[in-house]
1. What is the order of ARG49, ARG249, fewest Cβ neighbours within 10 Å to most?
2. Using the 10 angstrom Cβ neighbour count as an exposure proxy, how do ASP376, ASP318 rank, fewest first?
3. Please list 3J(HN,Hα) in residue order for the stretch 161-169, calculated via the Karplus relation 6.51 cos²θ - 1.76 cosθ + 1.60 where θ = phi - 60°; whole Hz, with x for glycine and proline.
4. Only four residue types carry charge here, +1 at the Cβ of Lys and Arg and -1 at the Cβ of Asp and Glu. Report the dipole size of the stretch 82-154 about the Cα centre in Debye, rounded to the nearest 20.
5. How charged is the neighbourhood of LYS383? Take every other residue with its Cβ under 14 Å from the Cβ of LYS383, and add Lys/Arg as +1 and Asp/Glu as -1.
6. In deg cm²/dmol, rounded to 500, what helix-only [θ] at 222 nm does the chain give when every DSSP H run of at least 4 residues adds -39500 (n - 2.57) and the total is split over its residues?
7. Expected output is a single nm value to one decimal: the length gained when fully extending between ASN218 and HIS261, i.e. 0.36 nm times separation in residues minus the C-alpha distance. What is it?
8. In which sequence would SER57, SER67 go, from the one with the fewest C-beta neighbours within 10 Å to the one with the most?
Amino acid sequence: MGKVLIIGAGGVGQVVTYKCAQHPAIFSDILLASRTQSKCDAIVEKVQRDVGHPSISTAQIDAEDVSALVALINDFQPELLIHVALPYQDLTIMEACLQTGVHYLDTANYEPKDEAKFEYSWQWAYHDRFKKKGLMAILGCGFDPGVTSIFTAYAAKHHFDEIHYLDIVDCNGGDHGKAFATNFNPEINIREITQKGRYYENGQWIETEPFEFCEKLNYPNIGERNSYLLYHEELESLVKNFPTIKRARFWMTFGDEYLTHLRVIQNIGMAGIEPVQYKGVEIVPLQFLKAVLPDPGELGENYVGETSIGCRIRGIKDGKEKTYIVYNNCSHAAAYKETKAQGVSYTTGVPAMIGAMLAMTGVWKGEGVFNVEEFDPDPFMEKLNQYGLVWHELHDVDLEL
Ligand code: NDP
């Protein structure tokens, strides 16, 4: 039994609130706080109607203001804070957790607002301070990073003596019926995919042009999709935590229509993050674009199809080469039915709740800052099956990569 503070009332925050509310014996009191309190209230109204929980409240917070966070935390006194606002707030929230003695969990690594760049160094730098205070910070507990990292840890624990080649493959085979929309925060999403690509090979990071490498990959229950090599944050921690890896890459599917829209957005300057003056007001083009694009949290209602995300691994077991695939398929419609949110929010929010559950019940313990693959993957894998993200394994098959 314990109190949990959830920060961020977007699509992911909604799923985390639904999923925590389903387990009142563990999450006895829930406070959902975000920049716009009315969004928290709207989520809690749905959660109380669909699930029902004895104690959920809401609050307004600017998560970039450490003293406001400290006041909110001291007032509510949670055991754990689940941060599902934006990556810009990682450091201020970690700072507030340190000042108040609260465990921390997030789903995306820190990114400065003025530079489209994300890496773990900023958050790993907090390790000693968390350790000294006897606190645990769990980084990257969504799907990717998160479940893909746990899948890799599970493969290393049960199926390989050495992992040599890791390919993480992320397919959204769903259709939301809109001409163009992103599946999570458009600003963060567009910053992520318009960056140069990067992969790891033989101890080095190799940079690629955006969308330079494309493979046609087959996804279970979806079929063949163009998959593009991107840089993704879990690669950084996985090659550090599994040093036998010789090559690690990340692939994501995009349809031609999506890429055409993206190209136009970039060509006309709407993906820019430098402020421009418009009628005496300073605006950031990408932030303005976010305001006119569909809200990812509202895409769920008519969303059909599935996501399919997994790891394709080649390595050595008992002296022989082995291949292995582990993946989850998530139906957008089933996610919507349960949490009124689409599959991408669902596949991020469910793992965040599971990580929080393992931390609150003392199954995952630690002092310092950790990536999820550093914990025992078994209880997490068990709970994925129990709480809505059933996974499947294939042994000694063609990896296509
Ligand atoms: P949304 O944009 O839908 O929601 C973000 C929420 O954070 C909004 O409610 C927003 O408030 C709130 N917020 C923004 N700034 C602040 C602030 N300064 N103080 C308090 N609240 C703030 O995003 P998503 O729900 O789609 O994504 C949430 C997080 O999950 C992101 O960090 C994203 O990167 C991560 N993610 C991780 C994935 C994974 O697999 N690991 C996959 C998908 C997402 P307001 O409503 O006022 O705008």
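No lab work stands behind these numbers, since they all come straight from the coordinates. From a predicted model like this one, the values you see are computed outputs, not experimental measurements. Here the Cβ positions follow ideal geometry from the backbone for every residue, glycine too, while neighbour counts run over all protein chains shown.
1. Values: ARG49 9, ARG249 25.
Fewest to most other Cβ atoms nearby, the residues stand as ARG49, ARG249.
2. Numbers: ASP376 15, ASP318 7.
Listed from fewest to most nearby Cβ atoms, that is ASP318, ASP376.
3. 7, 9, 8, 9, 10, 10, 10, 9, 10
4. 360
5. Residues near LYS383 contribute -2 overall.
6. Numbers: 14 runs with 141 residues, N = 401.
Computed mean residue ellipticity for the chain: -10500 deg cm²/dmol.
7. Residue separation times 0.36 nm, minus the Cα-Cα distance, leaves 13.1 nm.
8. Ascending number of Cβ neighbours within 10 Å: SER67, SER57.
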